[in-house]
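There's a structure below that I have some questions on.
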Amino acid sequence: MNMQIFTKLCFLFIVVLGLTACQEDIYEVYEINSVEVLPVNAQKNKAKTDAQYVSILYTNFFQVPIGPNKLLEALDAIRSIGDKQISYDIIVSKYLNQSPDLPTKEEMYADPETFVYDTYKRFLTRQPTEAELAWMLNYITSNPSLAPDIVYLAFATSNEHYYY
């Protein structure tokens, strides 16, 4: 008798398990538009000419346009050195040593967020991303000996600044 009850219970268990386990899963479908994500400087793919680079650099540093004699002097320096990257670095250093129109260290630390926005706008002609802004603010606030001319040097010699 026990075997017959056990068999019936097993059969009933298998039937109940079979009825409850074989259900169709229902998934909600959300329509998602595909979006192409590019770096912020992806549109900048054309290198500036030497004259464009020097003119823009001079204007960024001194807030006045470069004169034709100074432009020719800088272009001659670029051609005479041969290595464009080294000549650009020398010109940036020369302009930084000529007391350009830079914010003071006190102004930079008084409002670092405005300094970062202004620097991105001045050199890269765009707003910083949230990640760039957070990184720059953290870097400025955690380095009390940082001077604005070092930040300007970094932006003036960045790869993105060489392109438009």
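The values are calculated or read from the model by the stated rules, or taken from the named source; none is laboratory data. Keep in mind that this is a model prediction, so the values were computed, not measured. Counting neighbours? That spans all protein chains shown, and the Cβs are built from the backbone with ideal geometry, glycine included.
Do we have Asn45 as of a type in the set (S, T, N, Q) and in contact (Cβ under 8 Å) with a residue 60 or more places away in the chain here?
Yes.
Exactly one condition in (1) free of Cβ contacts under 8 Å to residues at least 40 places away in the same chain; (2) surrounded by 14 or more Cβ atoms within 10 Å (Cβ to Cβ); (3) outside the structural domain of Ala154 (by TED's automatic domain parsing) is not met by Tyr88; state its number.
(1)
Restrict the check to region 124-136 and report whether at least one residue is part of a loop (DSSP other than H, G, I, E, B), over 23 Å from the mean Cα position of the chain (by Cα) and surrounded by 15 or more Cβ atoms within 10 Å (Cβ to Cβ).
No: region 124-136 contains no residue that is part of a loop (DSSP other than H, G, I, E, B), over 23 Å from the mean Cα position of the chain (by Cα) and surrounded by 15 or more Cβ atoms within 10 Å (Cβ to Cβ).
Restricting to region 77-97, what's the tally of residues that are among the charged types (D, E, K, R) and within 11 Å of Ala156 (Cβ to Cβ)?
Of the residues in region 77-97, 1 are among the charged types (D, E, K, R) and within 11 Å of Ala156 (Cβ to Cβ).
Every residue, every condition in (1) farther than 15 Å from Ala156 by Cβ; (2) of a type outside the set (Ser, Thr, Tyr); (3) in contact with a Pro (Cβ under 8 Å, 6 or more places away or on another chain), yes or no:
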{"position": "Leu75", "(1), (2), (3)": "yes, yes, no"}
{"position": "Ser99", "(1), (2), (3)": "yes, no, no"}
{"position": "Tyr120", "(1), (2), (3)": "no, no, yes"}
{"position": "Ala131", "(1), (2), (3)": "yes, yes, no"}
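Collect the residues in region 129-147 that are more than 26 Å from Val37 (Cα to Cα), of a type outside the set (A, V, I, L, M) and either without any contact (Cβ under 8 Å) to a residue 12 or more places away in the chain or in contact with a Leu (Cβ under 9 Å, 6 or more places away or on another chain) (or both), keeping them in residue-number order.
Tyr139, Ser142, Asn143, Ser145
Scanning region 137-153 for residues that are in a helix (DSSP H, G or I) and not β-branched (Val, Ile, Thr), which turns out surrounded by the fewest Cβ atoms within 10 Å (Cβ to Cβ)?
Residue satisfying both the conditions and the ranking: Ser142.
A follow-up question, please. Suppose the filter is over 27 Å from Glu132 (Cα atoms), modelled with pLDDT under 90 and surrounded by fewer than 16 Cβ atoms within 10 Å (Cβ to Cβ); does Asp101 pass it?
no
Could we say that Ala110 is under 22 Å from the mean Cα position of the chain (by Cα) and either loosely packed, with under 12 Cβ neighbours inside 10 Å or not polar (S, T, N, Q) (or both) here?
Criteria not met by Ala110.
Oh, and also: Taking the conditions exactly as written (surrounded by 12 or more Cβ atoms within 10 Å (Cβ to Cβ), over 20 Å from the mean Cα position of the chain (by Cα) and not acidic (Asp, Glu)), does Lys121 satisfy them or not?
Here the answer is no, as Lys121 does not meet what is asked.
Could you check Trp135 against (1) over 23 Å from Tyr164 (Cα atoms); (2) at pLDDT below 95; (3) among the aromatic types (Phe, Trp, Tyr) and say which number it fails?
Trp135 satisfies all of (1) over 23 Å from Tyr164 (Cα atoms); (2) at pLDDT below 95; (3) among the aromatic types (Phe, Trp, Tyr) except (2).
Here is a follow-up. More than 30 Å from Val37 (Cα to Cα), at pLDDT below 95 and touching a helix residue (DSSP H, G or I) at 6+ places or on another chain (Cβ under 7 Å): is that true of Ala156 in this structure?
So Ala156 does not fit the description; no.
Can you tell me which residue in region 17-52 is nearest to Thr125 (Cα to Cα), limited to those that are modelled with pLDDT under 70 and β-branched (Val, Ile, Thr)?
The qualifying residue nearest to Thr125 (Cα to Cα) is Val40.
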